[in-house]
Amino acid sequence: MELPKGINNLNIKVMQHKNFITAILLILFVGSVFGQKLHKSQVPSVIINNFYQQFPKAMDVEWKLEKSEYVVDFETGIRFYDHTIWYDKTGKILRHKEEIPSSQLPAAVSKTLKDEFKGYYTSDITRYTNGKKITYSVEMKKLSEEWKVNIDSEGKIISTKYD
């Protein structure tokens with residue numbers, strides 16, 4: 001028995017409505033998991049003051065709250081290097097992730113990369129500061145080959161991954 005066309009269209013519309021609601025709920029869930037966006041006025045003044053003392057020329061500043069940590073994403077410099085900093089509620093920096101030029105790599109890191117990846121060039125360098133520990137993530141490229149290298153500040157390779 002064939003259903004009237006109106007019934008098929010109704011079923012399609014109900015399914016589209018369910019898919020739309022599912023997509024909205026998924027977006028809301030992902031947003032809550034990855035942090036709640038905050039207006040600058042919702043961030044403790046000690047954090048705001050510490051941030052702007054250290055980065056007075058920060059651009060495109062966005063704040064969010066992840067669990068109990070205040071997170072700021074921003075850009076600096078002429079080349080618009082991306083930064084992410086995690087603060088505790090007292091204004092202490094917990095972690096800092098920042099894009100940097102190759103000229104800011106320590107000599108030991110540059111040497112290891114040149115020795116281990118002859119013929120490759122560096123691209124997309126990120127420095128991670130976690131307390132006093134500093135590590136780097138560097139993309140090494142040559143023609144169609146690309147490696148992602150994690151390396152500590154003394155030049156010891158932590159991991160490599162072929163991309």
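The values are calculated or read from the model by the stated rules, or taken from the named source; none is laboratory data. Please read all numbers here as calculations on a predicted model, not as lab measurements. Because the Cβ atoms are built from the backbone with ideal geometry, glycine has one as well, and the counts that use them run over all protein chains shown.
Going by what's in this entry, would Thr122 be described as closer than 20 Å to Gly35 by Cβ, among the hydroxyl-bearing types (Ser, Thr, Tyr) and outside any helix (DSSP H, G or I)? Answer is no for this residue. The selection criterion, being in the same structural domain as Val109 (by TED's automatic domain parsing) and crowded, with 17+ Cβ neighbours inside 10 Å, holds for Tyr136. Residues that are more than 20 Å from the chain's Cα centre (by Cα), more than 16 Å from Asn50 (Cβ to Cβ) and surrounded by 15 or more Cβ atoms within 10 Å (Cβ to Cβ) within region 86-120 comprise Pro106, Val109, Ser110, Thr112, Leu113, Glu116, Phe117, Tyr120, listed in sequence order.
Looking at Asn130, Asn50, which one is on the phi < 0 side of the Ramachandran plot, out of contact with any strand residue (DSSP E or B) (no Cβ under 6 Å at 6 or more places or on another chain), touching a residue at least 12 places away in the same chain (Cβ under 8 Å) and surrounded by 12 or more Cβ atoms within 10 Å (Cβ to Cβ)? Spell out the reasoning first.
Working: Asn130 fails: out of contact with any strand residue (DSSP E or B) (no Cβ under 6 Å at 6 or more places or on another chain).
Exactly one residue qualifies, and that residue is Asn50.
The set of residues in region 74-85 being at pLDDT 95 or above and either surrounded by fewer than 15 Cβ atoms within 10 Å (Cβ to Cβ) or on the phi > 0 side of the Ramachandran plot (or both) consists of Asp82 alone.
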